[in-house]
């Protein structure tokens, strides 16, 4: 069991790091996808996923001993997969303004989503037992150091994921866009991507 928590911990740390680079630095800070007509729908999809993720963290991971909450978490995971599929389908057209999606960013997306869903699947292996007659949700009990570190990390990720969701929504609103752009200027952001929508 501890090996599964260690693997899930590695996947969650890797996902969190890559998601900050991709979801915040590239999509919002550098490319400002929310400003471009072609990428408005892509930003909306990212915003949906950013809103869904804190729900997954809370219901799927943190409240996993409550069967009703865990079921809600599973539904959110399914919804996240559907939004990801729609986002991937639309992404090619949404990056026309910058000459298409860079190959290295495509690879970054693959790794970020791979780690994201690997952490979920590893946790499912811990939580669910399939017998010949039933599907059993196993209560999560402290089983060692990696279990404890995993859940401590999940608790730390929760407020950050809410913050990232708020940023995704805020940059869609003109007053917050202006504030955000002033903040970027004071921090010396030098973007090479056109800001015309």
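The values are calculated or read from the model by the stated rules, or taken from the named source; none is laboratory data. Every value quoted in this text rests on a predicted model; they were computed, and no experiment measured them. Cβ atoms come from the backbone with ideal geometry, glycine included; neighbour counts cover every protein chain shown.
Remarks
- Search result, residues across region 130-148 that are surrounded by fewer than 14 Cβ atoms within 10 Å (Cβ to Cβ) and modelled with pLDDT of 90 or more: 144, 145, 148
Residue by residue, here is whether (1) without any contact (Cβ under 8 Å) to a residue 60 or more places away in the chain; (2) under 18 Å from the mean Cα position of the chain (by Cα); (3) over 25 Å from residue 187 (Cβ atoms) holds:
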| site | (1), (2), (3) |
| --- | --- |
| 15 | no, yes, yes |
| 23 | no, yes, no |
| 35 | no, no, no |
| 47 | no, yes, no |
| 54 | no, yes, yes |
| 66 | yes, no, yes |
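- Search result, residues across region 99-129 that are farther than 18 Å from residue 73 by Cα and modelled with pLDDT of 85 or more: 102, 103, 104, 105, 106, 107, 108, 109, 110, 111, 112, 114
- Only one of 92, 155 that is outside any loop (DSSP other than H, G, I, E, B), loosely packed, with under 14 Cβ neighbours inside 10 Å and touching a residue at least 24 places away in the same chain (Cβ under 8 Å): 155
- Check on residue 99, surrounded by fewer than 12 Cβ atoms within 10 Å (Cβ to Cβ) and within 30 Å of residue 40 (Cα to Cα): yes
- Verdict on residue 133 being over 22 Å from residue 38 (Cβ atoms), without any contact (Cβ under 8 Å) to a residue 24 or more places away in the chain and outside any helix (DSSP H, G or I): yes
- Residue match in region 57-73 (condition: within 18 Å of residue 112 (Cα to Cα) and either at pLDDT 95 or above or in a helix (DSSP H, G or I) (or both)): yes
- For region 159-176, the criterion of being within 25 Å of residue 2 (Cα to Cα) and either in a helix (DSSP H, G or I) or free of Cβ contacts under 8 Å to residues at least 40 places away in the same chain (or both) is met by none of the residues.
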